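The values are calculated or read from the model by the stated rules, or taken from the named source; none is laboratory data. As the structure is a prediction and not an experimental result, all values here were calculated from the model. Cβ placement follows ideal geometry from the backbone for every residue including glycine, while neighbour counts extend to all protein chains displayed. Accessible surface is based on the protein model in full, side chains and every heavy atom, while ligands, DNA and RNA are left aside. Shrake-Rupley method; radii C 1.70, N 1.55, O 1.52, S 1.80 Å.
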Amino acid sequence: MEGFAMADLRSSNVLSPELEMQAPAERQAYLGERLRATVVRAYARVPYVRTMMDRRGLSPADICRLEDLPKLPMIKKDELAQLQAADLPFGGLLVANVSGLKRIYMSPGPNYVPEPQRADFWRFRFAFAAAGFRAGDIVQNTLSYHLSPGGLMMDAGLRSLGCVVIPAGVGQTDLQIRVAADVGVTGYVGTPSFLYTLLTKAREAGRPLKIKSALVTAEMLPESLRAELEDDFGIRVLQAYGTADLGLLAYECAEKKGMHVHPEAIIEIVDLETQQPAEPGQPGLLVATTFDESYPLLRFIPGDISSLAADKACPCGRTAPKLTGILGRVGDAVKVKGMFVRGSQLEEVFKKFPEVRRFQAVVTRQEHQDALIYLVELSPEVADRNALASRLSGSLREALKVRGEVQFVAPGTIGEGAKRIDDRRVWE
Ligand SMILES: [Zn+2]
């Protein structure tokens with residue numbers, strides 16, 4: 001018989017009942033105290049925080065409870081990039097010495113990201129426990145290990161749970177299938193579409209994989225794909241939400257109806273226009289605060305849109321509020337195959353090709369994979385279209401790190417003022 005009953009899925013675990021299941025009033029007090037202590041430390045030692053608070057006439061004594069948080073200003077990801085550019089590499093936000101760090105990363109923005117000397121600095125172990133990962137699991141980690149922090153963020157969380165990690169990184173599908181089958185991989189981290197590719201190709205090759213737990217991130221997870229991964233392949237598949245600057249911010253429990261906010265972070269959802277707290281169910285800007293003693297980020301805006309779930313008690317026992325999911329990005333960036341694609345990046349590339357009159361990127365979904373097509377209108381005098389197509393797709397791929405297909409279309413196909421990126425994906 002094909003398929004698995006629900007009982008065959010790995011059990012989902014609460015890593016820290018003290019933190020994840022504390023009563024709401026206790027949580028308020030706990031987060032308020034973390035905030036207070038963080039602001040005291042940051043005011044004393046982070047020049048940016050001191051200036052920002054002085055300008056508003058705030059002293060650390062003004063921020064001593066959770067309710068005081070909105071007194072502080074918010075900071076956008078690109079504002080952090082500007083601060084850093086003015087005072088390289090960390091914009092004066094890092095309390096520790098640069099030479100005492102474990103690693104330094106660069107995330108798109110570009111933003112420099114410090115990793116202090118701490119086990120699981122980005123707190124991902126909570127999400128892995130929820131997704132059923134256990135000590136002794138052999139885990140294929142398919143996020144990138146170089147320059148951007150994704151791969152090593154996951155690596156640190158897995159190792160703190162006692163998992164064995166295969167630092168597979170991105171791409172090389174056939175090699176990855178071989179490693180997963182040879183070594184007997186039981187866990188997976190990466191995008192859901194790549195997991196699906198590995199599983200189906202391995203099965204076709206007659207070497208089905210033994211993956212039992214998967215933590216997926218960086219792209220949408222359609223429920224139809226999750227159901228197939230659970231029922232057909234017997235894998236517990238849960239999602240996590242984190243960012244390069246902040247680490248893990250929210251993660252799903254086995255109920256799969258939203259992502260619990262991490263017990264050691266504060267998430268606010270604010271109205272896009274008024275910047276006042278959005279009601280549960282109403283989409284708004286996600287604002288995150290983290291408390292690390294050497295790199296605290298106060299009211300940071302990664303640029304994602306989300307909303308808070310209305311339900312109070314979750315059957316899993318966790319008491320932190322839930323995000324309904326990540327609903328989109330502010331501005332015109334969309335995530336394709338796990339990478340952000342911005343209209344401005346496309347503009348940069350197409351600007352170098354005077355033959356191009358108009359362009360539009362179209363994102364669709366085919367067989368649980370993102371597909372990226374560039375519709376391009378040319379001026380009539382172009383002689384060798386094939387050569388141009390290959391130069392264009394080469395430049396686009398280099399700039400965006402995502403493979404796409406160039407399609408020439410007749411003049412007038414792309415409307416005046418059309419979106420530079422048309423996201424036609426339907427998530428079911
Ligand atoms: Zn739950």
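Against the list (1) at pLDDT below 95; (2) surrounded by fewer than 22 Cβ atoms within 10 Å (Cβ to Cβ); (3) in contact with a strand residue (DSSP E or B) (Cβ under 6 Å, 6 or more places away or on another chain), the condition Thr217 fails is (2). Give me the residue from the stretch 251-269 that is part of a loop (DSSP other than H, G, I, E, B) and within 16 Å of the ligand (Cβ to nearest atom) and, out of that set, nearest to Ala227 (Cα to Cα). Only one residue tops the list, namely Lys256.
Got a sec? Which strands (runs of 3 or more DSSP E) wholly within the stretch 362-428 have at least 1 residues that are farther than 20 Å from Ser344 by Cβ?
Numbers: elements: 369-378, 405-408, 421-423.
Those strands (runs of 3 or more DSSP E) span 369-378, 405-408.
Taking the conditions (1) over 21 Å from Pro222 (Cα atoms); (2) within 20 Å of the chain's Cα centre (by Cα) in turn, Gly338 satisfies each one other than (1). Counting the residues of the stretch 20-48 that are surrounded by fewer than 18 Cβ atoms within 10 Å (Cβ to Cβ) and within 23 Å of Ala320 (Cβ to Cβ) gives 11. Please indicate, with yes or no, whether at least one residue in the stretch 93-102 is within 30 Å of Met21 (Cβ to Cβ) and either under 20 Å from the mean Cα position of the chain (by Cα) or without any contact (Cβ under 8 Å) to a residue 40 or more places away in the chain (or both). So far as the stretch 93-102 goes, no, none of its residues is within 30 Å of Met21 (Cβ to Cβ) and either under 20 Å from the mean Cα position of the chain (by Cα) or without any contact (Cβ under 8 Å) to a residue 40 or more places away in the chain (or both). Each residue in the stretch 301-344 was checked for being in a strand (DSSP E or B), away from the ligand (no atom under 16 Å from the Cβ) and closer than 16 Å to Ile267 by Cα, and 7 of them qualify.
If I filter the stretch 284-294 for residues that are open to solvent by 60 Å² or more (accessible area, probe 1.4 Å) and either farther than 27 Å from Val39 by Cα or within 16 Å of the ligand (Cβ to nearest atom) (or both), do I get at least one hit? Explain how you work it out, then say what you get.
Let us first name the residues in the stretch 284-294 that are open to solvent by 60 Å² or more (accessible area, probe 1.4 Å), namely 293.
Narrowing the set further to residues that are either farther than 27 Å from Val39 by Cα or within 16 Å of the ligand (Cβ to nearest atom) (or both) leaves none.
There is no residue in the stretch 284-294 that is open to solvent by 60 Å² or more (accessible area, probe 1.4 Å) and either farther than 27 Å from Val39 by Cα or within 16 Å of the ligand (Cβ to nearest atom) (or both).
Return a yes/no flag: does the stretch 257-279 have any residue that is modelled with pLDDT of 95 or more, of a type in the set (Lys, Arg) and either open to solvent by 10 Å² or more (accessible area, probe 1.4 Å) or in contact with a His (Cβ under 8 Å, 6 or more places away or on another chain) (or both). Checked against the condition, which is being modelled with pLDDT of 95 or more, of a type in the set (Lys, Arg) and either open to solvent by 10 Å² or more (accessible area, probe 1.4 Å) or in contact with a His (Cβ under 8 Å, 6 or more places away or on another chain) (or both), the stretch 257-279 yields no hits at all. Count of the stretch 270-300 residues, restricted to those that are in contact with a Gly (Cβ under 7 Å, 6 or more places away or on another chain), of a type in the set (A, V, I, L, M, F, W, C) and not in a strand (DSSP E or B), is 2.
Looking at the stretch 226-241, is at least one residue within 30 Å of Leu80 (Cβ to Cβ), away from the ligand (no atom under 16 Å from the Cβ) and not in a strand (DSSP E or B)?
Step one: of the stretch 226-241, the residues within 30 Å of Leu80 (Cβ to Cβ) are 238-241.
Then drop every residue that is not away from the ligand (no atom under 16 Å from the Cβ), which leaves none.
For the stretch 226-241, residues within 30 Å of Leu80 (Cβ to Cβ), away from the ligand (no atom under 16 Å from the Cβ) and not in a strand (DSSP E or B): absent.
Scanning the stretch 195-211 for residues that are under 25 Å from Ser16 (Cβ atoms) and open to solvent by less than 20 Å² (accessible area, probe 1.4 Å) turns up nothing.
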